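First the structure, in the form of structure tokens, and then the observations on it.
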Protein chains: 2
Amino acid sequence: MTNHSLARPQSGRNVPDPHLGRYAVRTAGMTASEIRALFAVASRPEVVSLAGGMPNLAALPLQTLSAQVAQIIAEDGLTALQYASAHGLPLLRDQICDVMALEGINAHPDDVVVTVGSQMGLDLVTRLFCDPGDVVVAEGPSYVGALGSFAAYQAQVVHVAMDEHGLVPEGLRAALRRAGDAGQRVKLLYTIPNFHNPAGVTLAVERREEILEICRTFDVLVVEDNPYGLLGFDGQTYPALRSLDPDNVVYLGSFSKTFASGLRVGWVLAPHAVREKLVWAMESATLCPPTLNQMIVSRYLATQDWKGQIKAFQENYRERRDAMLSALEQYLPPGCTWTKPDGGFYVWVTVPEGVDTKAMLPRAVTARVAYASGTGFSTDGFGSRQMRLSYCYPPPERIREGVRRLAAVLESEMDLARTFGSVGSHRIPGPQTPWPDAVR
Amino acid sequence: MTNHSLARPQSGRNVPDPHLGRYAVRTAGMTASEIRALFAVASRPEVVSLAGGMPNLAALPLQTLSAQVAQIIAEDGLTALQYASAHGLPLLRDQICDVMALEGINAHPDDVVVTVGSQMGLDLVTRLFCDPGDVVVAEGPSYVGALGSFAAYQAQVVHVAMDEHGLVPEGLRAALRRAGDAGQRVKLLYTIPNFHNPAGVTLAVERREEILEICRTFDVLVVEDNPYGLLGFDGQTYPALRSLDPDNVVYLGSFSKTFASGLRVGWVLAPHAVREKLVWAMESATLCPPTLNQMIVSRYLATQDWKGQIKAFQENYRERRDAMLSALEQYLPPGCTWTKPDGGFYVWVTVPEGVDTKAMLPRAVTARVAYASGTGFSTDGFGSRQMRLSYCYPPPERIREGVRRLAAVLESEMDLARTFGSVGSHRIPGPQTPWPDAVR
């Protein structure tokens, strides 16, 4: 094989983009996400990365999976390596209904569409519903990948505050009223009810009916994104919004956190009419999801103790969550607050006034610890005093060491702030959706 | 496992869609593609399907692949089953440059973006360049999946006629001039230069520079879709448009026809600045392409005689092409004409005046043969006297039998037409881009 990287000249570097006048309007704000830039930096082995959201797959039965996949290709390869329907394999869609039943969802397999990760589900739902200028209401902060999809379809995001019980119904009602008064068309509520990314909180069960009622009243479709719902640390689950309001909720599911992210198998459960359009959108986006990957997930669900495997994941992540919370308690300077997740991957930390988490990040990486600074999770500038710490991937002792390093960086930032005032280079004025410091 | 299909009521069937007022404008023309509807009908075993474009994978070394994939998961499963970069695996991108070198392309691996099939590449390129109302110029007829992507971004398609040497330069120049005069903004030329789907023709080498020159003059970016380029029946290849004009061509490649469609691994080769935006678009669409699938393709390319395998595919498809052409010659009634592909999957047939291929299709399926009627391949109504016959999948004797059945249906349609006039129920007035009957 030729080494193209060395042998070939890199033409076109460092020259203005000749296509600049040709791009669609939607590309105007197109920049690499902060999270993505971090992945590169934080991948150095000496850095403890509390930045990424990579699941810890060490507990997977690789030898068994290896044998199963070998069998699929040897015995059924002409199917596994061939195109299939855009809708997804029927058997897998049926099994997905079993998975969703764990959270109280009673669904028909016809209404499930298999997607290439739930990110694609989110992208296609946005494609179906959002014209440029339409509003999507989302928690503030929200999942950075969702913000990217909304931007791609030129939807405006309006953030609504959470507290330790998740999205605040009064805040949602007020935001929808304001949007209506301003003549805006609110199409979707995008929400992650369970073990929120990045906030680490869960929507209280007693708020769920109210949230759904508000959305019905304001004629807003609910998009429920639930990748972490089965990763409650006490094995607890919460009733899916979809289970409470089948006709006004589009549900996004994923095997990335409960099985294997690299297979990119997710799904959408949608009201019937929406599902038909989703399949069309799926065809235009990628013809069909990879057949082999669907067969791997299906075989795994049919033959392995997948509920036991999820239990193992829960225990793994609980141990790491415990390590992080005790390290935060032990090391973080006074004035810092943080959420206490009972499932999922993330803790959301608020630091004292005067510290800018984005400005601090290069110094943290120099001190060999990485995190995701808060501003990447909002479209309104909120998050300069926040950061997301993920405990999903590193072993507990690395998590403790990472938090120890982070605490030292924070101490010296706070010293600087006390001496010279704010150390942020680009402080953003008041956030529109302040994160309540009370959440700890 | 619960049998959800039987146990659960199908709520919401046969009621008006309650979300009707909520959809984005782009969904207005959203209907299942004609091709898709056909797949369902034509999948009955007694029907000879000349409709689909499924590659024939029988020549693949399944046992070897099975062992390779098993090894990937057993030895490198924590990588294969994990998220990876949105850009694609570096080794695979390097190998893709080797593949493209066969058609004269000198590319840097940095400028390759791996996609979930080249359909996704097409969708993302359209996302980057097309605002609603922008014009895409494409051959008439054109690939139905491309038309779906253009519709999803509300781009208008202007078709330009082909002859037996592919896209006609004067037609392209005239179309671009007309669009300019009408104040339309033409963003892309979408073209399939080699073994066209559905037309079965190849753009003459001596036209390629001229086409590129016209596009530079009119400031139009060229999107070169090349899934079949390595499937020339004499092992011949043609210089890629990208090899002749690296700065103004976005190239779409695929392993679906040269290796395995069900893995959904394709790629885009783009000018450097465009490539950066493509990675961003990729992230918002699906985060990253499936890692395992990329490793399977990469291992295959590194260890197997992939060029020998492509040769085997060429021979397989040539044999089928020969069977189809000789059967058409033997059975089709006078007045029918067809293209004679020297590579790829498809023959494009024109039937005599008075026969409507779409109206005839149900009668053909009753006679146990299926094809793709011509109107699905254009946005301007062209194709009511055309059909696409694919010879890629069925064995030669089935192809001959299918053409024999088709000829009988055609004969009786032509009888009817002679007796009662046109038998089409929905004849569309004159096509804007007539398919030249001279191509045979």
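A few points about this structure:
- Helices (runs of 4 or more DSSP H) within region A:102-209 that include 1 or more residues more than 11 Å from every other protein chain (Cβ to nearest Cβ), without any contact (Cβ under 8 Å) to a residue 24 or more places away in the chain and under 26 Å from A:Thr339 (Cβ atoms): A:169-181
- Matching entry among A:Gly335, A:Gly354 (being assigned to a loop (DSSP other than H, G, I, E, B) and surrounded by fewer than 18 Cβ atoms within 10 Å (Cβ to Cβ)): A:Gly335
- Of all residues in region B:219-238, those satisfying the criterion of being in a loop (DSSP other than H, G, I, E, B) and either buried (at least 17 other Cβ atoms within 10 Å of the Cβ) or among the hydroxyl-bearing types (Ser, Thr, Tyr) (or both) are B:Val220, B:Asn226, B:Pro227, B:Tyr228, B:Gly229, B:Leu230, B:Leu231, B:Phe233, B:Thr237, B:Tyr238.
- Filter result (facing chain A (nearest Cβ under 8 Å) and either touching a Pro at 6+ places or on another chain (Cβ under 8 Å) or in a loop (DSSP other than H, G, I, E, B) (or both)) within region B:47-66: B:Met54, B:Pro55, B:Leu57, B:Ala58, B:Leu60
- For region A:290-316, a tally of residues being of a type outside the set (A, V, I, L, M) and under 23 Å from B:Thr286 (Cα atoms) returns 6.
- Note on region A:239-249: residues that are touching a residue at least 40 places away in the same chain (Cβ under 8 Å) and either closer than 23 Å to A:Lys311 by Cβ or in a loop (DSSP other than H, G, I, E, B) (or both) amount to 4.
- Which numbered condition A:Val222 misses (of (1) more than 14 Å from chain B (Cβ to nearest Cβ); (2) of a type in the set (A, V, I, L, M); (3) in contact with a Leu (Cβ under 8 Å, 6 or more places away or on another chain)): (1)
- Residues satisfying the stated conditions in region A:67-99, i.e. crowded, with 24+ Cβ neighbours inside 10 Å and more than 8 Å from every other protein chain (Cβ to nearest Cβ): A:Gly88, A:Leu92, A:Arg93, A:Ile96
- Scope region A:340-351; condition assigned to a loop (DSSP other than H, G, I, E, B) and more than 17 Å from the chain's Cα centre (by Cα); matching residues: A:Lys340, A:Val351
- Residue check, A:Phe195 among the aromatic types (Phe, Trp, Tyr), more than 30 Å from B:Ser118 (Cβ to Cβ), in the same structural domain as A:Ser149 (by TED's automatic domain parsing) and surrounded by fewer than 22 Cβ atoms within 10 Å (Cβ to Cβ): no
- Within region B:51-71, residues that are closer than 17 Å to B:Ala312 by Cα reach partners that are part of a loop (DSSP other than H, G, I, E, B) and among the hydrophobic types (A, V, I, L, M, F, W, C) with beta carbons closer than 8 Å, at six or more positions or on different chains, in the pairs B:Met54/B:Cys392; B:Pro55/B:Phe345; B:Pro55/B:Cys392; B:Asn56/B:Cys392; B:Leu57/A:Leu81; B:Leu60/A:Leu81; B:Leu65/A:Leu81.
- Test: residue in region A:379-400 that is at pLDDT 95 or above, assigned to a helix (DSSP H, G or I), of a type in the set (A, V, I, L, M, F, W, C) and at negative phi: yes
- Whichever residue in region B:250-283 is more than 9 Å from chain A (Cβ to nearest Cβ) and of a type in the set (S, T, N, Q) and, among such residues, is farthest from B:Asn106 (Cα to Cα): B:Thr258
- Test: residue in region B:140-150 that is surrounded by fewer than 24 Cβ atoms within 10 Å (Cβ to Cβ), within 16 Å of A:Val25 (Cα to Cα) and modelled with pLDDT of 95 or more: no
- Taken together, A:Gln119, A:Gln156 contain a single residue that is within 25 Å of B:Gly29 (Cα to Cα) and crowded, with 24+ Cβ neighbours inside 10 Å, which is A:Gln119.
- Scope region A:84-106; condition of a type in the set (A, V, I, L, M, F, W, C) and out of contact with any Pro (no Cβ under 6 Å at 6 or more places or on another chain); matching residues: A:Ala84, A:Ala86, A:Leu89, A:Leu91, A:Leu92, A:Ile96, A:Val99, A:Met100, A:Ala101, A:Leu102, A:Ile105
- Failed criterion for B:Ile96 (all others in (1) modelled with pLDDT of 95 or more; (2) under 22 Å from B:Ser384 (Cβ atoms) hold): (2)
The values are calculated or read from the model by the stated rules, or taken from the named source; none is laboratory data. Small disclaimer: the values here were computed from a predicted structure and weren't measured. For neighbour counting, all protein chains shown are included, and Cβ atoms are generated from backbone atoms with ideal geometry for every residue, glycine included.
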